[in-house]
Each structure stands twice: as structure tokens, then as C-alpha cells.
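Heads up: the structure comes next, in C-alpha cells.
The values are calculated or read from the model by the stated rules, or taken from the named source; none is laboratory data. The structure presented is a predicted model; accordingly, all values stated were derived computationally and were not measured. When we count neighbours, we look across all protein chains shown, and the Cβ atoms used for this are built from the backbone with ideal geometry, even at glycine.
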């Protein structure tokens, strides 16, 4: 009878142990799930707040596969960034300047990857990924009262694998229910400046027309072509 009891105890212990292990989700498996979620997105719009040092900008971002992007700023008002797959256009209302850059060939694909869900694949390739606080959801903003403190996210820490990457680290805060990125926080490898992008009020797969990514620049603005340095 004693041997039977010991055997039963061993089987129960093993079953509980395996059950606990089954609930463990590795960071790579979680990141893959998030990437697959973004792979299903045909288009989206979201509110985006950009914080750089003490500067805060508010905008609405629109994206459509494979590589269409538009950012309309409310602060600074009328500032606009548009990428139509071939041409990058930036309107700066202060100096009333239009910055325009043609993007071709491999550079086109590279530019698109920076602003699309495929960017997650690049992150997994060039950065090591780890849980920042564990696999359990935690407050988006600790030591903060209000909705930001109540909102729960899973936080990931990405560290660059080589020194050629522009950001030393990238932190992602992901809503565990929607698998959508709530915040991106990147530290510049050169200046150590911190750039924070907060996303909210997502609207997914709304069949955004291509015309959304056409931009009518003010006729009185000065245009500067090919403003980016090329290789």
C-alpha cells in the first residue's frame, strides 16, 4: 500500500509539474505570436504620441500594406509625413518647407520595413529579445495614477546584437489581449536620447483607400528634393 501511495504521489506531482511548464511561454514564442498578428493586418490607423527629450508631438498614423504610410500631426499642427511606396514627403509648417526624397530599389524596401509590421522581423534578426519584467502583464506606467497605471501590458527588452544598429535598446509594451504594440521606447546608440512612441485607439483593416497616401502640399512652401544623404 505504501508503494502504491508513493507511485500515486509521483504521478500527481509529475502531472502538476508538466501542467505548470505548459503555461510557460518563451519570449521568442510570444514575439512570434505578435509578429503573426501584425502579419494579418492589411491596414490600420492609430493615435500616436511621440516624446523626444522634453518635446511631445501628437499625431494620427495611417498604414496600408505593403508600404504606404502617413502621419498627420495635430501638434505641431499641419506637420505631415507621407510615404507612398516610392516617394517620402515631409512637410514642416514652421519654415514652410517640403522635404522630398525618392526611394528606389533596395532602399525602397528598407524604408518600408522601418514603418510596417515587417519591421518586427528585422527586430528579431538584429536584436536579442527578453522579457523585461517576466511573462505576466504589468502596469504600463508604474508609479503613475489613472488609466495608464491600470492598463496592463507585457514588456519586452530588445538589445542590439552588433554596434551597427542605430538604437542601443528598444523596449516594447504589448497589450496581451489584442497583441498590439502600445509603446515603443528606443535609446539612441549615438546620443543616448530616448524616443518614445505611444499608440492608442487602433482601427484595424478598415480598407483605407490608396488616395489617403496622396499629399497636396501648400503651394507657398519651398521644396527641397533628395534631402537625405544617399549611399
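Being within 19 Å of residue 131 (Cβ to Cβ) and touching a residue at least 40 places away in the same chain (Cβ under 8 Å) is the filter; apply it to segment 179-227 and report the residue that is farthest from the chain's Cα centre (by Cα). Quick ask: steps written out before the conclusion?
Step one: list which residues in segment 179-227 are within 19 Å of residue 131 (Cβ to Cβ), which gives 179-187.
Next cut, touching a residue at least 40 places away in the same chain (Cβ under 8 Å) only: 179-183.
Values: 179: 11, 180: 8, 181: 6, 182: 8, 183: 7 Å.
Among residues in segment 179-227 that are within 19 Å of residue 131 (Cβ to Cβ) and touching a residue at least 40 places away in the same chain (Cβ under 8 Å), the one farthest from the chain's Cα centre (by Cα) is 179.
Taking segment 42-60 as the search range and keeping residues that are part of a strand (DSSP E or B) and without any contact (Cβ under 8 Å) to a residue 60 or more places away in the chain, which one is farthest from residue 199 (Cα to Cα)?
55
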Provide a single number: the residues in segment 51-67 that are at pLDDT 90 or above and either touching a strand residue (DSSP E or B) at 6+ places or on another chain (Cβ under 6 Å) or buried (at least 17 other Cβ atoms within 10 Å of the Cβ) (or both). 9
